[in-house]
Amino acid sequence: MRDARIDRRLFLRGVGGATAGLAAATALSACGTGTSRTPSGSAKGGGKTVVVRDSGGSYGAALQKAIYTPFTQETGIGVKVLNLDDAPLLAQIKQGRPQCDLINNSMMSHLKYVKQGALETLDPGRLKSLKSAKVPENQITEHAIGHSFYGQCIAYRTDAFDGRKPESWADFWDTEAFQGGRAMVSPDGDLPELEFALLADGVPMDKLYPLDVDRAFKVLTRLRGDIKKFWDSGPLPGVLLSRQEVTMSTVWDGRIADLQKQGVPVARQLNGMRRQFSGYAIAKGAANVDGAYQLMDFALRAESQAALAKAFPSNPSSPVAYAKLTEDERNALAGAPKYYDEGFDADIDWWLKNESAVTKRWLEWARG
């Protein structure tokens with residue numbers, strides 16, 4: 001089963017293959033929902049089923065429990081889930097035959113869709129929960145609304161450093177004081193971790209962007225000999241830490257709780273965490289626009305975001321959602337108010353402009 005963020009990484013590799021995916025989309029149209037879908041979203045109430053694209057796996061199971069089933073119970077509208085990657089979905093939209101109504105994806109991926117004219121322009125007046133949930137203004141765009149984020153941070157073995165705890169990215173780079181191998185992400189897993197290198201070199205969080213790419217790679221080079229593995233999937237940092245192949249790794253924050261439940265002596269350090277948001281958007285030409293709005297509005301409620309956070313280590317965008325969790329539930333999340341100022345939001349505009357060049361350089365650096 002896919003992890004939500006393993007699927008999210010697909011957008012980082014670009015969606016330029018949409019044209020190549022046309023044939024695949026044609027084939028998928030026969031199996032995406034099992035029905036012929038004709039746009040009819042203008043009809044009041046829409047259809048009795050809304051089709052949503054998400055990633056499946058444990059994240060999908062949590063969405064079913066916390067969002068989809070309660071939504072159907074309240075509205076009588078069924079929810080059908082479609083697991084489909086970016087290229088074939090974009091190809092379907094270009095053909096005017098999208099097999100989904102609502103798209104749950106990264107905000108960065110949504111921006112790429114916008115550039116290809118693949119998303120409907122949203123009417124905020126149809127989303128009452130925006131105000132009640134106090135969704136941050138910077139997560140409300142013309143075409144997508146951010147519902148949660150995942151954070152990339154440090155995971156370390158608590159038995160590795162004689163009781164000392166790494167406090168920063170400078171400590172991650174300090175292999176004398178904090179001995180042992182390191183693991184970092186590859187572009188197949190997520191955005192290259194240039195920000196962490198710059199933080200380790202003393203750049204303040206609020207001065208990171210635009211990233212000094214040359215400086216970042218110089219700092220990365222200092223650590224290159226100690227990086228034992230570049231991970232490309234969510235479980236791998238935990239495997240490496242469990243096997244003691246490394247003493248520290250970058251990691252998606254939600255993975256730490258899983259490891260601790262398994263008895264692995266690990267902890268997280270959220271200082272300098274990089275946040276990336278996911279959100280909802282409506283496919284251009286969606287057959288059930290009304291249903292998509294209703295499901296989006298339901299999912300953005302503070303109560304719904306809190307319910308999802310209880311079922312999956314998802315960090316709500318709604319600050320109101322955290323007040324609906326117990327103190328233990330709240331503080332287990334990287335998005336808890338007490339931790340929020342320790343991290344920063346990835347500048348997706350910068351990454352959209354520079355991702356391709358940085359990835360190419362990263363691959364050359366990793367091989368060299």
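Quick check on this structure: which one of ARG215, ARG222 is closer than 23 Å to ALA160 by Cβ and assigned to a helix (DSSP H, G or I)?
On the way: ARG215 fails: closer than 23 Å to ALA160 by Cβ.
So the residue among ARG215, ARG222 that is closer than 23 Å to ALA160 by Cβ and assigned to a helix (DSSP H, G or I) is ARG222.
Looking at the structure I just gave you, is ASP349 under 30 Å from ILE93 (Cα atoms), at pLDDT 95 or above, in a helix (DSSP H, G or I) and among the charged types (D, E, K, R)? Before the answer, list the steps.
Numbers: under 30 Å from ILE93 (Cα atoms): yes; at pLDDT 95 or above: no; in a helix (DSSP H, G or I): yes; among the charged types (D, E, K, R): yes.
No, not satisfied.
Among the residues of segment 225-249, which ones are aliphatic (A, V, I, L, M) and free of Cβ contacts under 8 Å to residues at least 12 places away in the same chain?
Here is the first cut: in segment 225-249, the residues aliphatic (A, V, I, L, M) are 227, 236, 239-241, 246, 248.
VAL239 - this is the single residue of segment 225-249 that is aliphatic (A, V, I, L, M) and free of Cβ contacts under 8 Å to residues at least 12 places away in the same chain.
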Checklist outcome for this item: VAL320 meets each of (1) surrounded by fewer than 17 Cβ atoms within 10 Å (Cβ to Cβ); (2) farther than 30 Å from PRO98 by Cα with one exception, condition (1)
Checklist outcome for this item: Log entry, pairs with first residue in segment 100-129 being aromatic (Phe, Trp, Tyr), second being outside any loop (DSSP other than H, G, I, E, B), beta carbons closer than 6 Å, six or more apart or on different chains, reads TYR113/LEU119
Checklist entry - Name the pairs whose Cβ atoms lie under 8 Å apart, with the first residue in segment 205-224 and more than 10 Å from GLU195 (Cα to Cα) and of a type in the set (Val, Ile, Thr), the second at pLDDT 95 or above and assigned to a helix (DSSP H, G or I), and 6 or more positions between them or separate chains? => result VAL219/TRP173; VAL219/ALA197; VAL219/LEU198; VAL219/ALA200; THR221/TRP365
Checklist entry - Is there a residue being farther than 21 Å from PRO88 by Cβ, of a type outside the set (Ser, Thr, Tyr), modelled with pLDDT of 95 or more and not in a strand (DSSP E or B) anywhere in segment 258-265? => result yes
Item to check | Residue count for segment 52-80, restricted to those that are under 18 Å from the mean Cα position of the chain (by Cα) and not in a helix (DSSP H, G or I) | outcome: 5
Next on the checklist: Out of the residues in segment 41-51 meeting the condition of being open to solvent by 60 Å² or more (accessible area, probe 1.4 Å) and over 28 Å from the mean Cα position of the chain (by Cα), tell me which one is modelled with the highest pLDDT.
Outcome noted: LYS48
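Only one of ALA306, ALA357, ALA299, ALA292 is in a helix (DSSP H, G or I), over 22 Å from MET108 (Cα atoms), modelled with pLDDT of 95 or more and aliphatic (A, V, I, L, M). Can you tell me which? Full working, then the answer.
Values: ALA357 fails: over 22 Å from MET108 (Cα atoms); ALA299 fails: over 22 Å from MET108 (Cα atoms); ALA292 fails: over 22 Å from MET108 (Cα atoms).
Checking each option against the conditions leaves just ALA306.
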Item to check | Within segment 94-119, considering residues that are surrounded by fewer than 24 Cβ atoms within 10 Å (Cβ to Cβ) and more than 20 Å from the chain's Cα centre (by Cα), the one nearest to GLY56 (Cα to Cα) | outcome: ARG97
Checklist entry - Can you name the residue in segment 323-344 that is open to solvent by less than 50 Å² (accessible area, probe 1.4 Å) and modelled with pLDDT of 95 or more and, of all such residues, is farthest from ARG275 (Cα to Cα)? => result LEU325
Next on the checklist: Given the condition open to solvent by 40 Å² or more (accessible area, probe 1.4 Å) and within 22 Å of the chain's Cα centre (by Cα), answer yes or no: does some residue in segment 142-162 qualify?
Outcome noted: yes
Checklist entry - For ASP206, are the conditions met, namely being closer than 26 Å to ASP345 by Cβ, over 22 Å from the mean Cα position of the chain (by Cα) and open to solvent by 80 Å² or more (accessible area, probe 1.4 Å)? => result no
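Going through ALA286, ALA267 one at a time, which residue ends up being aliphatic (A, V, I, L, M) and open to solvent by less than 10 Å² (accessible area, probe 1.4 Å)? It would help to see each step written out before you state the result.
On the way: ALA267 fails: open to solvent by less than 10 Å² (accessible area, probe 1.4 Å).
Of ALA286, ALA267, the one residue that is aliphatic (A, V, I, L, M) and open to solvent by less than 10 Å² (accessible area, probe 1.4 Å) is ALA286.
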Next on the checklist: Within segment 52-85, take every residue that is open to solvent by less than 30 Å² (accessible area, probe 1.4 Å) and in contact with a Gly (Cβ under 8 Å, 6 or more places away or on another chain) and give me the one that is farthest from ARG255 (Cα to Cα).
Outcome noted: ILE77
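The values are calculated or read from the model by the stated rules, or taken from the named source; none is laboratory data. What you see is a predicted model, and the numbers here were worked out from it, not measured in a lab. A quick note on method: Cβ atoms are made from the backbone with ideal geometry, for glycine too, and the neighbour counts reach across all protein chains shown. All accessible areas refer to the heavy atoms of the entire protein, side chains included, with ligands and DNA or RNA removed. Shrake-Rupley method; radii C 1.70, N 1.55, O 1.52, S 1.80 Å.
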